[in-house]
Amino acid sequence: MVEKNTQKKKAVIVGCGSMGREWMKNLTANPRVELVGTVDVRLEAAQSAAKDFNVPPERAFTDLKQAIAACAPDFVVDITIPEGHCPTTVTALSKGLPVIGEKPLAASMAAAKKMLKASEKAKKLYMVSQSRRYEANHIAVAKTLASGAIGDVTAINCDFYIGAHFGGFREEMASPLVLDMAIHHFDMCRMFTGADPKAVYAHEFNPKGSWYKGDVAASIIFEMTKGIIFTYRGSWCAEGFPTAWNGDWRVVGSSGSLLFEKDQAPRAQCPKPGSTGFIRPVEDVAIAVEPVAAKGIAGSLEEFLDTLDKKIRKPQCEVHDNIKSLAMVFAAMKSSRSGRREKIVW
């Protein structure tokens with residue numbers, strides 16, 4: 001419910017493709033938001049979206065600056081292709097408008113740094129939506145690890161194996177898995193552990209039987225702060241026994257372990273107090289999985305709005321934080337090409 005005497009915040013969205021429409025569903029369903037303009041490089045796409053989401057036809061544009069001048073929005077939603085994120089977000093920030101955008105933050109680290117500096121110069125919020133941070137199981141994993149229930153985290157492993165027949169651009173990319181998918185898992189690792197990346201050794205490859213042109217599989221080792229090692233193994237051309245799209249996870253702590261697999265509720269075990277022997281008997285650790293009021297994109301949007309309304313100081317994926325997840329992607333690709341351990345900088 002919108003609080004009494006609280007005016008809705010006006011939004012302009014840039015990018016009216018399938019993902020843009022998913023965002024428009026969430027924007028128009030949120031009682032705190034009014035969608036006042038649509039922008040797309042294809043005018044017909046902007047006009048079609050405007051019609052479908054009850055935006056006046058004259059509020060459909062191909063140019064963001066024109067949309068801002070005509071619609072006077074309170075914020076901009078950037079759902080362009082990755083190469084479009086930098087010019088779109090920098091334009092909005094330069095007009096004094098906060099931005100929420102889709103992952104990945106940018107198509108390069110140089111572009112990401114330009115966007116970060118634009119946010120600092122404008123003194124306006126730029127937040128990246130990492131929608132998987134707003135899932136009940138994921139929040140439960142993060143809270144359990146932060147509580148010390150399995151001691152200090154020493155290692156975290158993620159397996160991701162799915163035979164994905166996309167067709168189209170992904171099957172032509174040089175690094176489809178790492179560049180297009182793995183940022184979800186890399187960001188989840190940071191969410192789960194509260195640790196940041198320091199260095200990486202990565203090996204990307206294209207297995208026999210692959211229907212991709214590029215390296216669609218990878219084995220990656222990240223060195224994280226807090227002395228944590230993150231191991232990532234994945235493939236988008238692995239037929240049979242698929243993992244969850246969120247990955248299957250094992251976390252090893254100094255006094256126990258946690259499993260999160262197949263998107264089922266996470267489980268944890270620790271040795272029974274006072275137990276002895278070669279392999280000590282274990283007992284289950286209770287993990288509370290609490291309902292999430294706003295999941296996925298809706299959760300990202302709520303956190304963004306709460307920040308604008310000063311209910312919270314800073315959202316999880318503000319640009320200064322999210323650039324660390326992006327840095328993991330580009331450092332892994334650099335390591336794979338150089339064959340060396342690479343430091344991770346942002």
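Evaluated against (1) over 30 Å from ALA218 (Cα atoms); (2) in contact with a Pro (Cβ under 9 Å, 6 or more places away or on another chain), MET328 falls short on exactly one condition, (1). If you take the residues in the range 18-41 that are in contact with a Lys or Arg (Cβ under 9 Å, 6 or more places away or on another chain) and either within 15 Å of LYS51 (Cβ to Cβ) or among the small types (Gly, Ala, Ser) (or both), which one is surrounded by the fewest Cβ atoms within 10 Å (Cβ to Cβ)? Residue satisfying both the conditions and the ranking: VAL36.
Which one is surrounded by the most Cβ atoms within 10 Å (Cβ to Cβ), of the residues in the range 283-302 that are within 17 Å of GLU22 (Cβ to Cβ) and of a type outside the set (Ser, Thr, Tyr)? Explain how you work it out, then say what you get.
First pass over the range 283-302, keeping only residues within 17 Å of GLU22 (Cβ to Cβ): 294-302.
Restricting the remaining residues to those that are of a type outside the set (Ser, Thr, Tyr) gives 294-299, 301-302.
Values: ALA294: 14, LYS295: 15, GLY296: 16, ILE297: 19, ALA298: 18, GLY299: 22, LEU301: 25, GLU302: 19.
Per the stated criteria, the residue is LEU301.
Restricting attention to the range 278-311 and to residues that are under 14 Å from ARG32 (Cβ atoms) and assigned to a loop (DSSP other than H, G, I, E, B), the residue that is modelled with the lowest pLDDT turns out to be ALA293. Within the range 173-194, one or more residues are surrounded by fewer than 18 Cβ atoms within 10 Å (Cβ to Cβ) and under 24 Å from ILE229 (Cβ atoms).
Of the residues making up the range 49-58, none is part of a loop (DSSP other than H, G, I, E, B), modelled with pLDDT of 95 or more and either closer than 20 Å to ALA327 by Cα or charged (D, E, K, R) (or both). The set of residues in the range 134-159 being part of a strand (DSSP E or B) and crowded, with 18+ Cβ neighbours inside 10 Å consists of VAL153, ILE156, CYS158, ASP159. Taking the criterion of being acidic (Asp, Glu) and either free of Cβ contacts under 8 Å to residues at least 24 places away in the same chain or buried (at least 17 other Cβ atoms within 10 Å of the Cβ) (or both), the residues of the range 76-110 that qualify are ASP78, GLU102.
Evaluation of ILE162 against the conditions (1) in contact (Cβ under 8 Å) with a residue 24 or more places away in the chain; (2) more than 30 Å from PRO271 (Cα to Cα); (3) surrounded by fewer than 17 Cβ atoms within 10 Å (Cβ to Cβ) shows that the sole unmet condition is (3).
The values are calculated or read from the model by the stated rules, or taken from the named source; none is laboratory data. All values reported here derive from a predicted model rather than from experimental measurement. A quick note on method: Cβ atoms are made from the backbone with ideal geometry, for glycine too, and the neighbour counts reach across all protein chains shown.
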